[in-house]
Structures are given as C-alpha cells and as structure tokens.
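Since the structure comes first, as structure tokens, the remarks are kept for the end.
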Amino acid sequence: MTNQTSLKDIIKVSSSDLEAFQSVLTKFGHSLDEICEYDDGRVYQCWSNNAGNTVIIDVGNTPADNSDRVINEIIDCWLELRAIRNALEIEEDPVSLKKVENISAFDQLMANIYECETEMHSNDAFYQLLQQGKVDAAVLSFYNLDDETREAVLQ
C-alpha cells in the first residue's frame, strides 16, 4: 500500500512558527509519524490522527536560517584559508637565510666560534660558565656544524 499525497495536503510553515503549529495539531489529536530531512535542506513532517486524516508540513527555512548557514560556511572557509596561509608562511630566520658557499670547513668552524662567543658574551650567566672552563666555545661550535663539515675539519 502506498500513500499518495497531493499538494493540497501539504502545509507550508516557517521554522519559526513550527512549534506553535505543532501544538495546534497536538490539541486536535494528531501525532507525529515521520520527519523527512533531505540533503538540500528540505524538511517535511507527517502528522496523522485516529480518523485517518494526514497532514504534511513543509518546514520552510526562514531567511535567518539561510543566513546562518551562509555565515557558518564563510567562517569555515576563512578558517581553512588561514590554516593554509599559516602552513605556507615562512618565518624569516637570519641564520638559515645565510648561504655560505665556497667557504672552507675551517672558515665555517671559525665563523661558528665567533657567533657562539658573541652569544655567550651577551648572556652573562653562560659567559661565567665559559670563564670557569666548564664550556668551550670551540667544542660547541664544532658540534653545531653539519656532519660533512665536521668530517672535513677532522681531516
């Protein structure tokens, strides 16, 4: 058995007036049988009573509901674009921007020692450890080099 519904049996109600309409149907002995929600946003409610009368409510979206959906989509897009920008953004690190080409391994080591000593002098507590002989700038600089440069210095 299939239920056939004609357009005269469908009542359009805005979502803001739905609760009031449902209470009227309940007072007249109707009960909610089914709610159909479709992907495109359409919502239908099927109400019936003991006498066999069926009422189908087409719940229409008010402009406020549609604008909320649009606003939520815009916020989602904005968050995704921000995440993409953050992923692509490159922090400018002056140490990594320096390209040292055609400099011998020993010269690289000496440049690292100079940078390390400059850093140590700017940090007094660390400089005091260095003066006590607990930290050697040359050793720190040597271990700061990449593997190839370390091997070249040792040879």
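Taken together, the values in this text are just the output of simple stated rules run on the coordinates, not laboratory data. Keep in mind it's a predicted model, so treat the numbers as computed, not measured.
The amide H of Val55, built 1.01 Å from its N in the peptide plane, has Trp47, Ser48 as neighbours under 5 Å, considering only residues 5 or more places off or on other chains.
Applying Stokes-Einstein at 20 °C and 1.002 mPa s to the Kirkwood radius of the range 8-61, computed over alpha-carbon pairs, gives a translational diffusion coefficient of 189 µm² s⁻¹.
Here the 3J(HN,Hα) profile of the range 25-42, calculated from phi with Karplus coefficients 6.51, -1.76 and 1.60 at θ = phi - 60°, is 4, 5, 5, 8, x, 8, 10, 6, 9, 7, 10, 10, 10, 9, 4, 7, x, 6 Hz, Gly and Pro shown as x.
Under 5 Å between amide hydrogens, built in the peptide plane, is the criterion, and for Ser15 it picks out Gly60, Thr62 among residues at least 5 positions away or on other chains. Coupling constants for the range 139-155 follow from the phi torsions by the Karplus curve (6.51 cos²θ - 1.76 cosθ + 1.60, θ = phi - 60°), and in residue order they are 5, 4, 5, 4, 6, 7, 6, 6, 4, 5, 5, 4, 5, 5, 5, 6, 8 Hz; glycine and proline get x.
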